[in-house]
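Notes to accompany the following structure.
The values are calculated or read from the model by the stated rules, or taken from the named source; none is laboratory data. This is a predicted model, so every value here is computed, not measured. When we count neighbours, we look across all protein chains shown, and the Cβ atoms used for this are built from the backbone with ideal geometry, even at glycine.
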Amino acid sequence: MLKRLGIGALLLGALPAASAVETAPPGAAANAEPHLVPVTEIAVPVIDSGRVRGKLRFSVVIDAADADAAERLLVEMPRLRSDLIAAGSEFSRLYVSAFTPVDAMHLKDRCDRALRRDDPGIAQVLIVGVSAEVA
């Protein structure tokens, strides 16, 4: 029987106004229009003791620095998905279990670092949904 662990969506609007200003990239205007690029749902296996025990599913929206970066990110979507799958797989292997809820903020940090490392056109990565099914 699968045990379903879930976390509600983390939305940009759910962040307090003060933290939204603090997380803005340097040089960005406080009232700049967001350039959001959605990524289709990512699913990676949950592995425990060398066996597949379930799935970690998460949905991501990328906040691009500007409109040109957003267009470029759409073209680079296969590479971005690959980086997200790698980050999600590592996170799943290290931190997902049947005994604890998924730490969505930690997953966001992992995905953010994986994508922003190679692309300065990414302002931030937003996790808009996450769940884990663990046997």
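A few notes on this one:
- Count - residues of the range 68-85 that are in contact with a Leu (Cβ under 8 Å, 6 or more places away or on another chain) and surrounded by fewer than 16 Cβ atoms within 10 Å (Cβ to Cβ): 0
- Selection count, the range 58-102, where residues are closer than 14 Å to residue 130 by Cα, polar (S, T, N, Q) and under 13 Å from the mean Cα position of the chain (by Cα): 3
- Total residues in the range 93-112, condition under 30 Å from residue 71 (Cα atoms) and either touching a residue at least 24 places away in the same chain (Cβ under 8 Å) or surrounded by fewer than 18 Cβ atoms within 10 Å (Cβ to Cβ) (or both): 7
- Search result, residues across the range 113-135 that are in a loop (DSSP other than H, G, I, E, B) and surrounded by 14 or more Cβ atoms within 10 Å (Cβ to Cβ): 119, 121
- Residue list for the range 53-112, filter: among the hydrophobic types (A, V, I, L, M, F, W, C), out of contact with any helix residue (DSSP H, G or I) (no Cβ under 8 Å at 6 or more places or on another chain) and part of a helix (DSSP H, G or I): 67, 69, 70, 74, 75, 77, 85, 94, 104, 105
- Single unsatisfied condition, residue 41 versus (1) modelled with pLDDT of 95 or more; (2) within 15 Å of residue 95 (Cβ to Cβ); (3) not small (Gly, Ala, Ser): (2)
- Of everything listed in (1) modelled with pLDDT of 95 or more; (2) exposed (fewer than 14 other Cβ atoms within 10 Å of the Cβ), the single unmet condition for residue 88 is (2).
- Going through (1) surrounded by 15 or more Cβ atoms within 10 Å (Cβ to Cβ); (2) at pLDDT below 55; (3) aliphatic (A, V, I, L, M) one by one, residue 61 falls short only on (2).
- Taken together, the criteria place residue 90 among residues that are of a type outside the set (A, V, I, L, M, F, W, C) and without any contact (Cβ under 8 Å) to a residue 24 or more places away in the chain.
- Total residues in the range 113-135, condition out of contact with any helix residue (DSSP H, G or I) (no Cβ under 7 Å at 6 or more places or on another chain) and either farther than 15 Å from residue 36 by Cβ or polar (S, T, N, Q) (or both): 11
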